[in-house]
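All remarks here apply to the structure that follows.
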Amino acid sequence: MENPYEKQHNALLSRIVTNVSKLNKSITDLNERLETLNKENDDVAAVAQMWGSYDNSVQIHLESTKSLSGPL
């Protein structure tokens with residue numbers, strides 16, 4: 001005896017497999033874009049760290065030379 005729902009099940013499974021494949025491709029693309037973005041942000045993070053170090057050095061210099069004035 002043949003299963004009356006076999007065709008429906010097969011059609012649903014086929015749709016699920018297709019949708020999961022599309023989802024997998026989309027997530028792969030998203031991961032690649034995020035990786036690129038993270039690489040580009042490394043430069044920004046390095047500049048921010050250098051700026052913070054420069055700011056600390058300036059503060060120390062101004063305090064040591066008594067040149068630090070109050071806020072405007």
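Compute the normalised compactness of the chain: alpha-carbon radius of gyration over 2.2 N^0.38 Å, N being the residue count.
Relative to the rule-of-thumb radius for its length, the chain sits at 2.65.
Contour minus end-to-end for Ser57 and Ala45, with contour as 0.36 nm per residue of separation and end-to-end as the Cα-Cα distance?
Result: 2.5 nm gained on full extension.
Hand me the chymotrypsin sites (Phe, Trp or Tyr not before Pro) from the chain located in a DSSP loop with no more than 13 other Cβ atoms within 10 Å, in residue order please.
Qualifying residues, ordered by number: Tyr5.
What angle do you read, to the nearest 10 degrees and between 0 and 90, between the alpha-carbon axis of helix 6-64 and the longest principal axis of the chain?
0 degrees
Counting Lys +1, Arg +1, Asp -1, Glu -1, what net charge surrounds Val47 among other residues with beta carbon under 15 Å of its beta carbon?
Its environment carries a net charge of -3.
Any idea what the dipole of the chain comes to, in debye rounded to 20, about its Cα centre with Lys/Arg Cβ at +1 and Asp/Glu Cβ at -1?
For this selection, approximately 240 debye.
Towards the positive end of the charge dipole of region 8-64, with charges on Cβ (+1 Lys, Arg; -1 Asp, Glu), say which of Thr28, Ala48, Gln8 has the farthest Cα.
The Cα lying farthest towards the positive end belongs to Gln8.
Please identify which residues in region 1-18 have an amide N closer than 15 Å to a label point set 7 Å out from the Cα of Asn24, following the Cα→Cβ vector.
What the label zone holds, given the 15 Å backbone N cut-off, is 14-18.
Read-outs throughout are calculated quantities, based only on the coordinates presented, and are distinct from any laboratory measurement. Since we're looking at a predicted model, the values are computed, not measured. Counting neighbours? That spans all protein chains shown, and the Cβs are built from the backbone with ideal geometry, glycine included.
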